[in-house]
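First comes the structure, then the notes that go with it.
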Amino acid sequence: MHIVARVFEYEITAVEYRREIAKLQQTIHNPDRDLDREALDKVIDHYLLLHEAVTHGFDVSDQEYEDFLLEVIDSFESPGDFEQSLFFGGMNDIQIERLLRNKLLIKKFIDDLCPDTCDVSETELHEFYLAQKEYFTSEPEVRAAHILIKGNDAAAELKARQVYENIHSPADFHRISNSCSDCPSKARCGDLGYFSRGRLIREIDEVAFNMKIGEISQPFPSHHGFHILMVTDIRPAQCIAYEDIKDTLKARLWHIKKELKLKQFINDLRQIHRQQIVIIQVG
């Protein structure tokens, strides 16, 4: 059995290490990330927390284990998927039980270390809202009707110009769009619905977001052909009110604080027990 590291009395095998690498590869696709090192750190942190849980007298009853096992199995589409999963593949029943008992032991310890009580002040919560306000603000949207004349030659441009000169009102625009446009939106009298910047082609964005409601654009080109737009509505950027998102923010902020507390706790463990972390051979 190839041992790559040791944390206190716990030996980290090459199999366990490679399994953690494979898990990270399934979720992280950044070539600049050192997944080998991250995987080893995660396994080391696992055993540091396990040592703390055992040292502080935490244990797992048979009933707690059975409930946790069912919870894990239910997270898969079928029991067969559970057995064949990347995480559990190649492990026998004894190894799976040991792994799950240890995970549950660590979970109980973390829940005790970072209880789910929202110790977040109103001032702290409001400051968090203001700092993250851009994420709670919707982008401006425009609703427009559209006429497309396909082609990029002089004939297409001339046709687009003639179509434009026959439009004198919104009713004209909808009627002509339905009869002359080469865009599928002609079935809806040219209606493109609401869209924010970046949803449609750049040329449409540049025109639509500089128009007023009821305004009809001159024909303008793109690689699709020649376009004529009529803006029918504008939705300005809107920010979700603090009171409407307060409870969600409170849960989110507490989760962040909990993660930071756990990260700091693990960093402290690494410093305190650095003599108990031995890297033997990786690779």
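Observations
- Restricting the stretch 179-217 to residues that are among the β-branched types (Val, Ile, Thr) and under 26 Å from residue 238 (Cβ atoms) leaves a set whose member that is farthest from the chain's Cα centre (by Cα) is 213.
- Here is the figure for the stretch 237-283: residues that are in contact with a strand residue (DSSP E or B) (Cβ under 9 Å, 6 or more places away or on another chain) and over 30 Å from residue 142 (Cβ atoms) total 10.
- Verdict on residue 250 being assigned by TED's automatic domain parsing to the domain that holds residue 106, farther than 30 Å from residue 8 by Cβ and in contact (Cβ under 8 Å) with a residue 24 or more places away in the chain: yes
- Breaking point among (1) in contact with an Asp or Glu (Cβ under 9 Å, 6 or more places away or on another chain); (2) surrounded by 15 or more Cβ atoms within 10 Å (Cβ to Cβ), for residue 213: (2)
- A residue that is modelled with pLDDT of 90 or more and surrounded by fewer than 11 Cβ atoms within 10 Å (Cβ to Cβ) occurs nowhere in the stretch 15-35.
- Subset tally (residues that are in contact with a helix residue (DSSP H, G or I) (Cβ under 9 Å, 6 or more places away or on another chain) and surrounded by 15 or more Cβ atoms within 10 Å (Cβ to Cβ)) for the stretch 234-245: 2
- The set of residues in the stretch 213-271 being part of a helix (DSSP H, G or I) and of a type in the set (Val, Ile, Thr) consists of 245, 248, 256, 266.
- Filter pass, residue 46 being modelled with pLDDT of 95 or more and either more than 27 Å from residue 14 (Cα to Cα) or among the small types (Gly, Ala, Ser) (or both): no
- Residues of the stretch 150-173 that are among the β-branched types (Val, Ile, Thr) and either part of a loop (DSSP other than H, G, I, E, B) or more than 12 Å from residue 225 (Cβ to Cβ) (or both): 167 alone.
- Failed condition for residue 176, given (1) in a helix (DSSP H, G or I); (2) within 36 Å of the chain's Cα centre (by Cα); (3) among the β-branched types (Val, Ile, Thr): (2)
- Filtered residues of the stretch 202-247 (kept if touching a residue at least 24 places away in the same chain (Cβ under 8 Å), of a type in the set (S, T, N, Q) and over 17 Å from residue 163 (Cα atoms)): 232, 238
- Scanning the stretch 148-176 for residues that are over 21 Å from residue 232 (Cα atoms), among the small types (Gly, Ala, Ser) and surrounded by 14 or more Cβ atoms within 10 Å (Cβ to Cβ) yields a total of 2.
The values are calculated or read from the model by the stated rules, or taken from the named source; none is laboratory data. Quick caveat, the model's predicted, so the values are computed rather than measured. Reconstructed Cβ throughout: ideal geometry from the backbone, glycine too, with neighbour counts over all protein chains shown.
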